[in-house]
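Single-structure report; data block below.
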Amino acid sequence: MPPFYITTPIYYVNDAPHVGHAYCTVNADALARWHRLLGDEVFFLTGTDEHGAKVAEAAEQHGVSPQEWADTVVQRFVSAWGDLHVSNDDYIRTTEPRHHRSVQAFLQRIYDNGYIRLDTYRGLYCVSCEDYYTPEQLVDAKCPVHDRPVTEMEEENYFFELSKFEDRLLEWYESAPEAIRPMTKRNEALSFVRGGLKDISITRTSLEWGVPVPWNPSHIFYVWSDALVNYLTAIGFGEDEARCAHWWPAVHHVVGKEILRFHCVWWPAMCMAAGIEPPAHVFVHGWLLVGGRKLSKSLIALAAGDAVGNGASEDGGDAPVRLTEIAPQVLTHDFGVDPTRYHLLREVPFGTDGDFSYEGMVSRYNADLANNLGNLVSRVATVVASKCGGVGPAPDPDSALGPLAAQIVGAVSDAWARFQPHEALESTWRLIGAANAALEAAEPWKAEPGPAVDAVLGDALEVLRLVSLLASPAMPTTCAEIWRRIGLEGAPEDRQVPEDAVWGGYPGGVPVERGAALFPRRKATA
């Protein structure tokens, strides 16, 4: 079993989890679940970033200490991922002692290797980004990401000599062309490196909330130089070298495009400076955006106002904005956990920006889940009850659906391998469509019981078995329920691909259960 180590970014605790966080985390979770189906040895990490100026600022605004604030907000993330059935193997908090030890060991190694120097920094600093900007990068003298004023700062800092790694980074990009995907994001990172790299500040003397610098405790590590090390902390860097070597560098970082520079330039250079391999793969996804249509008021979980929640511009137009005010728990309450997961995975190609709307979610729910998958499950169980005494027949080994199923299993596997869950699900739904079409053509509900009816129903049950297996990374609970209803033991996650994804695996002769509609149709109103 090859190791497959997958990570999300660690999320700041200056705010509550929103759908943008859920989009990244559910995609990473589905990829982890798929690789478990492949039989890979999977380690899936998520967590929270709890240091830095903006966390201290948020804590002060709420009248508590930074640690108290972190302890409160982190539970919101833990709860949100639990509600979404996220299957992480570890949850890292940067305030944990194990993380402090790994950060100090990692950056001490870079210091000992001669890539950290002391200097004075002057620059324009955005607290929300935890990053410096040049005057040319500002928009109307404000941060280009957060549209808030920047602060002019000057202090003694330690600097990581990033400028020394231009050539080595370019060599890495050349030798590992798949290390950063999609290609547009790789090209963006390449352009950044070719534009020339400057040394970067990695410590602060103006902060107390963070990891102390081991060779000079009057300095605190800058939040990004601290946070990036979480990926090594979780696998034992500095404390369990054998375990660390087992998982590194077989790591797959899933990150949003706003932190591309940190993960595709700074982080691999820091790894090189510490004497370890850069990460095997960084997948950079886009943003979910709210387009021109208003969202349901019930979906606005944070009272930030209509201009943020609904995408309304000051002139009354409809300006797309990042979707940061929708709590994932509200979506799971309205639609259910698996439909929410399905929509986040299916609607937007992973790697591009995409629009999110309540109406779009209802439409996808009704079309894919209620009309196609849910209808197939209900129709097959009903006809098996009326024509076969409730006992599912075996599929036809020579069914015309067999070659199509084999083709689709290959397409699904290829899509997951390319980090394209939407393509994997689209292919899976082709098989559902084919089974529904076969039923419509044969109309077994009108026929007398016999071999012909048994064959078409057996084929449909085999399709449901395969779909339950292939779609289980997206909808684990629903697929387990379908698996149970068609009389199979265990759950799809107990099986493996491709061995158990071969046509003819449904045994027949087992009871098929009729049950409540898996996906009752929804009205297209918010």
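For every residue, the table says whether it meets (1) aliphatic (A, V, I, L, M); (2) out of contact with any strand residue (DSSP E or B) (no Cβ under 8 Å at 6 or more places or on another chain); (3) not in a helix (DSSP H, G or I).
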residue: 468; (1), (2), (3): no, yes, no
residue: 480; (1), (2), (3): yes, yes, no
residue: 493; (1), (2), (3): no, yes, no
residue: 507; (1), (2), (3): no, yes, yes
Any chance region 42-53 includes a residue that's outside the structural domain of residue 428 (by TED's automatic domain parsing), touching a Gly at 6+ places or on another chain (Cβ under 8 Å) and not acidic (Asp, Glu)? yes
Find the helices (runs of 4 or more DSSP H) located wholly in region 1-108 whose residues include 3 or more that are touching a residue at least 40 places away in the same chain (Cβ under 8 Å) and out of contact with any Asp or Glu (no Cβ under 9 Å at 6 or more places or on another chain), and list them. 19-37, 66-83
Taking residue 197, is it in contact with an Asp or Glu (Cβ under 6 Å, 6 or more places away or on another chain), surrounded by 16 or more Cβ atoms within 10 Å (Cβ to Cβ) and of a type in the set (A, V, I, L, M)? yes
Filter region 252-264 down to the residues that are farther than 14 Å from residue 176 by Cβ and hydrophobic (A, V, I, L, M, F, W, C), then identify the one that is surrounded by the most Cβ atoms within 10 Å (Cβ to Cβ). 254
All conditions in (1) farther than 20 Å from residue 133 by Cα; (2) touching a residue at least 60 places away in the same chain (Cβ under 8 Å); (3) of a type in the set (Phe, Trp, Tyr) are true of residue 173 except (2)
Name the residue, out of 451, 492, that is in the same structural domain as residue 408 (by TED's automatic domain parsing) and in contact with a Ser or Thr (Cβ under 7 Å, 6 or more places away or on another chain). 492
Filtered residue count, region 175-202, keeping only those that are touching a helix residue (DSSP H, G or I) at 6+ places or on another chain (Cβ under 8 Å) and either farther than 29 Å from residue 250 by Cα or not acidic (Asp, Glu) (or both): 15
Looking at 499, 462, which is the one that is closer than 18 Å to residue 408 by Cβ and out of contact with any helix residue (DSSP H, G or I) (no Cβ under 9 Å at 6 or more places or on another chain)? 499
Meets criteria (crowded, with 16+ Cβ neighbours inside 10 Å and in a helix (DSSP H, G or I)) for residue 370: yes
Suppose we filter region 268-294 for residues that are of a type in the set (Phe, Trp, Tyr) and either within 24 Å of residue 2 (Cβ to Cβ) or modelled with pLDDT of 95 or more (or both); how many remain? 1
Within region 152-183, how many residues are more than 26 Å from residue 214 (Cα to Cα) and at pLDDT below 85? 1
At least 3 residues that are over 28 Å from residue 18 (Cα atoms) in each: list the strands (runs of 3 or more DSSP E) lying fully within region 176-294 that qualify. 216-221
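Residue by residue, here is whether (1) in contact with a Pro (Cβ under 6 Å, 6 or more places away or on another chain); (2) hydrophobic (A, V, I, L, M, F, W, C); (3) closer than 18 Å to residue 230 by Cα holds:
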{"residue": "1", "(1), (2), (3)": "no, yes, no"}
{"residue": "9", "(1), (2), (3)": "no, no, yes"}
{"residue": "21", "(1), (2), (3)": "no, no, yes"}
{"residue": "34", "(1), (2), (3)": "yes, yes, no"}
{"residue": "42", "(1), (2), (3)": "no, yes, yes"}
{"residue": "49", "(1), (2), (3)": "no, no, yes"}
{"residue": "56", "(1), (2), (3)": "yes, yes, no"}
Given (1) outside any helix (DSSP H, G or I); (2) surrounded by fewer than 19 Cβ atoms within 10 Å (Cβ to Cβ); (3) not small (Gly, Ala, Ser), index of the condition residue 348 fails: (2)
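The values are calculated or read from the model by the stated rules, or taken from the named source; none is laboratory data. Everything quoted here is computed from the prediction, not taken from an experiment. As a convention, Cβ positions derive from the backbone with ideal geometry for all residues, glycine included, and neighbour counts pool all protein chains shown.
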